[in-house]
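S.K.: Pasting a structure below so you can have a look.
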Amino acid sequence: MTLLLHRLSSPFSAKDQAEAAGELCSQTERFNNVRAFFVAEIPDSITRLLTPLSSLGEEVDSNLELQENIVTTLLCISSIEQNRTAVAQNPLVIPQLTKSLKQGTDETRRTSALTLAHQRSHICSFPPLFPIGDQGKGEDMWICCYLSLLALHNGGRLKKLMI
């Protein structure tokens, strides 16, 4: 796991980063113990996981497979209750997930919304990220509705949800 994170977060080739992200994604999808180990035993694992997306900035569209694998890995990690606080408290998580709601494949956008939903009891405020509905993608309305329902479910804890 540590070696895969090193390959992912270091300036290796884009192909090597994508392969490492794919393997991390595969392992966290298959094994609960890997999900728990990832957060509990590897220092700065969440930051290291998100580093490639942060470094791509607005160029995230240049490597959609990398983005999808990283966001899916984050979803798998946050599916364990004991990991949710660490995930929600990482300063890169919310900005990267909101960026992935706006940019990326339909699957990445759906996975970003689900990952945010896993964080619902740990998020006190939400950065402005809408309107995304004017981009013409069919998934936008689903995301807007999903997050609106989430805000209602949380009794207003998502303070800045702007649609």
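The values are calculated or read from the model by the stated rules, or taken from the named source; none is laboratory data. Since the structure is predicted, the reported quantities are computational estimates derived from the model, not experimental observations. Using ideal geometry, Cβ is built from the backbone for each residue, glycine included, and neighbour counts are taken over all protein chains shown.
S.K.: Starting from region 87-101, keep only residues that are modelled with pLDDT under 90, then list their pairs with residues that are among the hydrophobic types (A, V, I, L, M, F, W, C) and assigned to a loop (DSSP other than H, G, I, E, B) whose Cβ atoms are within a distance under 7 Å, requiring at least 6 positions of separation or different chains.
M.R.: Final answer for the pair search is Ala88/Ile123; Thr98/Leu129; Leu101/Leu129; Leu101/Ile132.
S.K.: Would region 51-60 turn up any residue that is surrounded by 15 or more Cβ atoms within 10 Å (Cβ to Cβ), touching a residue at least 12 places away in the same chain (Cβ under 8 Å) and closer than 19 Å to Ala113 by Cβ?
M.R.: Yes, region 51-60 contains at least one residue that is surrounded by 15 or more Cβ atoms within 10 Å (Cβ to Cβ), touching a residue at least 12 places away in the same chain (Cβ under 8 Å) and closer than 19 Å to Ala113 by Cβ.
One line per residue, one yes/no per condition, for (1) touching a strand residue (DSSP E or B) at 6+ places or on another chain (Cβ under 6 Å); (2) crowded, with 20+ Cβ neighbours inside 10 Å; (3) without any contact (Cβ under 8 Å) to a residue 12 or more places away in the chain:
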{"residue": "Leu8", "(1), (2), (3)": "no, yes, no"}
{"residue": "Leu24", "(1), (2), (3)": "no, yes, no"}
{"residue": "Phe31", "(1), (2), (3)": "no, no, yes"}
{"residue": "Ala36", "(1), (2), (3)": "no, no, no"}
{"residue": "Glu41", "(1), (2), (3)": "no, no, yes"}
{"residue": "Ile46", "(1), (2), (3)": "no, yes, no"}
